[in-house]
Structures are given as C-alpha cells and as structure tokens.
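Engineer: Got a structure for you, written out below as structure tokens; questions coming shortly.
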Amino acid sequence: MATERTLSIIKPDGVQKNLIGEVYRRFEATGLEVVAARMMRLRQDQAEQFYAVHKERPFYADLVRYMTSGPVVVQVLEGEGAINKNRELMGATDPKKAAAGTIRADFADSIEENVVHGSDGPDTAAQEIAFFFSGAEICPRTR
Ligand code: CMP
C-alpha cells in the first residue's frame, strides 16, 4: 500500500471535550504520523468554502455555525493507506452507526457534532490539505 497524506480536523466539540491528546494518541498508535498541525478558529467564509460541496444540503447552515463555534485543530496525517486508516479510526459519520471503539462511537454526540473530520479520498485529501497548509508547512519525518 502506498504512503498517503490525509487532512484531519478535530472539530469544536472534540476540542471542547479535551480530546486533542486522545485523538492524537489514536493516530500515533495506528502508525499515522502528524506531519503538519495548527489550532485555529475557522472564519465563516473558511467553513463555507471548506464544506462548499454540502452547500445545497439542509444541514449546511448549521454545519457552518457548528464549525465556527470554537477552535479546531487541523492536521495532516501521513502513512501507509493514511486516508482509509484515518476513516477507520473515525468510524461512520453518524455515531449511532459507527463501529465500537472508533472515535465517533466513543465520543460523538450526533451526526453533526461528530468530533473529527477526515478526507474521504485521494483527490479530496489533496484539496483539503492545500486548503489549510502550504508545502513548506508540511514536515515529513527526517529521522
Ligand atoms: P464530515 O465528515 O466533516 O463531513 C460533513 C459534515 O457534515 C459531517 O462530518 C457532519 O459534521 C455533518 N453532517 C453530515 N450529515 C449530516 C446530517 N444528516 N445532519 C447534520 N449534519 C451532518
């Protein structure tokens, strides 16, 4: 399997619940490397643009409100099959459908407030990484 990069966000509810360390522990325990990271508060226009693909969905306005409600932690994860590994760690979007032991099954309150975001494929991963990080901000391991 190829080495990949994926974009991950610990959403405002995850930060509020003090889960940054727990989520990072799970990334590292599964062999994913954090190669870029930033805490930030998304502006409305950033959240709208990031989730533009959902613009026509009934939950879009609420999603933007939620994603701007508090700080998030954004990171690039690198590793073998990183995109699917991160999706497996997160579990299904709806925590009621997420497999036991996944981040969303363990910590999420609802399909909207679901603690983490992860890219869903290689094209989205490339777009989402470029949305938050320049090439110079990505720091692959040198040792
Ligand atoms: P995420 O994986 O970041 O992708 C889009 C987000 O929209 C999703 O996680 C949830 O936070 C939210 N979302 C997806 N489906 C719904 C839904 N049916 N109702 C409310 N929010 C949703």
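The values are calculated or read from the model by the stated rules, or taken from the named source; none is laboratory data. Values in this document were obtained by computation on a predicted structure and should not be read as measured data. A quick note on method: Cβ atoms are made from the backbone with ideal geometry, for glycine too, and the neighbour counts reach across all protein chains shown.
Engineer: Across the stretch 1-48, what is the number of residues that are surrounded by fewer than 18 Cβ atoms within 10 Å (Cβ to Cβ) and in a loop (DSSP other than H, G, I, E, B)?
Structural biologist: 8
Engineer: Which ones in the stretch 1-26 are within 16 Å of the ligand (Cβ to nearest atom) and either over 19 Å from Gly135 (Cα atoms) or among the aliphatic types (A, V, I, L, M) (or both)? Walk me through it before giving the result.
Structural biologist: Within the stretch 1-26, the subset within 16 Å of the ligand (Cβ to nearest atom) is 6-17, 19, 23.
Scanning the stretch 1-26 gives Leu7, Ile9, Ile10, Lys11, Pro12, Asp13, Gly14, Val15, Gln16, Lys17, Leu19, Val23.
Engineer: In this structure, does Ala99 turn out to be outside any loop (DSSP other than H, G, I, E, B), loosely packed, with under 15 Cβ neighbours inside 10 Å, over 15 Å from the mean Cα position of the chain (by Cα) and free of Cβ contacts under 8 Å to residues at least 40 places away in the same chain?
Structural biologist: No, not satisfied.
Engineer: Something else now. Is one or more of the residues making up the stretch 50-70 under 13 Å from the mean Cα position of the chain (by Cα), within 26 Å of Thr142 (Cβ to Cβ) and aromatic (Phe, Trp, Tyr)? Steps first, answer last, please.
Structural biologist: Of the residues in the stretch 50-70, the ones under 13 Å from the mean Cα position of the chain (by Cα) are 50-51, 67.
Subset that is within 26 Å of Thr142 (Cβ to Cβ): none.
No, there is no match, as no residue in the stretch 50-70 is under 13 Å from the mean Cα position of the chain (by Cα), within 26 Å of Thr142 (Cβ to Cβ) and aromatic (Phe, Trp, Tyr).
Engineer: Going by the conditions given, is Val72 of a type in the set (A, V, I, L, M, F, W, C), within 16 Å of Val23 (Cα to Cα), within 9 Å of the ligand (Cβ to nearest atom) and surrounded by 13 or more Cβ atoms within 10 Å (Cβ to Cβ)?
Structural biologist: no
Engineer: Go through the residues of the stretch 82-104 one by one and say whether even a single one is away from the ligand (no atom under 11 Å from the Cβ), among the acidic types (Asp, Glu) and either under 23 Å from Met39 (Cβ atoms) or modelled with pLDDT under 95 (or both).
Structural biologist: No.
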